[in-house]
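Reading through the structure tokens given below for one structure.
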Amino acid sequence: MDEIFGVRAFADNYIWLLRKGTDFIVVDPGVAAPVRAAIEARQGKLAAILITHHHQDHVGGVADLLGWQSVPVYGPAAEAIDCVDCPVTQGDHVHVEALDATFDVIDVGGHTLGHIAYRTGNALFCGDTLFAGGCGRIFEGTPEQMWHSLNRLAVLPHTTQVYCAHEYTEANLRFALAVEPDNQLLKDRWNEVQALRAQDQPTVPSTIGLELLTNPFLRARHVAVVGAAEAFQGHRLHEEVAVFAALREWKNVF
């Protein structure tokens, strides 16, 4: 892989492109124009499209891209998505020969029921499941499902680069500080993120290691996080998933 880079779309989406030579893979193209422009600017061609879930801001540009260049479209087998001709699920492997890239498919349902993530080498493309400093809303699944999905990602190597699909980091860390106001690593990250956003610079990718230290949704086992969740709920919480569910409920109204 020569390069992984994002193009911006809508208010805060990142569409990720992977390049080797003149061949490109695109992940979650919610709109076609910036993807096509980025590839044409590099005199490249599309090799494959990867989809994590069915929301329009992740799939809206697929048909237009296929009208430009016909390529395989990989997506979650558990979701009905137009244009997906290569459905995949947990444990499957996607090989894109043009880039000599193989992706492991990981079930991360919760945000949507069939949501999947793709991992290749040290890079994780997790759509709207894990964000820098946060996690996705639970629109279709259950807190239990989302908690287990996040834990599948939390056990990846700490150096794994987290390519999430939205620039939500500043808002996420504002909530994280309400949960763990005494977390010095979190306060340091907050300052770094504020500096980046002041210059309109992206705050992603993150890493699994950084998320484990500063993301409350991966820290439901930690005493300070448990205490904050219990204070929000007004009673004791005896299971990790209950702590996680309380955090997600709190974030929804924060």
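If the reach is capped at under 27 angstrom between alpha carbons, list the lysines near K45, excluding any in the same chain fewer than eight residues apart.
Within the straight-line cut-off, K45 pairs with K20.
Mind checking which aspartates and glutamates have their C-alpha under 20 Å from K251, skipping anything on the same chain fewer than 8 residues away?
Excluding near neighbours in sequence, the set is D12, D128, E140, E144, E167, E170, E180, D182, E211, E230, E239, E240.
Can you list the equivalent-ellipsoid semi-axes of the chain, largest first and in whole Å, using the square root of 5 times each Cα gyration tensor eigenvalue? Before the final figure, lay out each step's value.
Details: eigenvalues 207, 76, 46 Å².
Here the semi-axes work out to 32, 20, 15 Å.
Net charge within 11 Å of G134 by Cβ-Cβ distance, Lys/Arg positive one each and Asp/Glu negative one each, not counting G134 itself? Don't skip to the end; give the middle numbers.
On the way: positive: R137, R174, R248, K251; negative: D128, E170, E211.
Local charge sum for G134: +1.
Ranked highest first by average number of other Cβ atoms within 10 Å, how do 46-54, 90-98, 137-145 line up?
Output ranking for 46-54, 90-98, 137-145: 46-54, 137-145, 90-98.
What is the local net charge at E144, summed over the other residues whose Cβ is closer than 15 Å to its Cβ (Lys, Arg +1; Asp, Glu -1)? Let's see the in-between values first.
Numbers: positive: R152, R248; negative: D107, E140, E239, E240, E249.
Taking every Cβ under 15 Å from that of E144, the sum is -3.
All of the numbers you see were taken from the coordinates with simple rules; none came from a lab. Every value quoted in this text rests on a predicted model; they were computed, and no experiment measured them. A quick note on method: Cβ atoms are made from the backbone with ideal geometry, for glycine too, and the neighbour counts reach across all protein chains shown.
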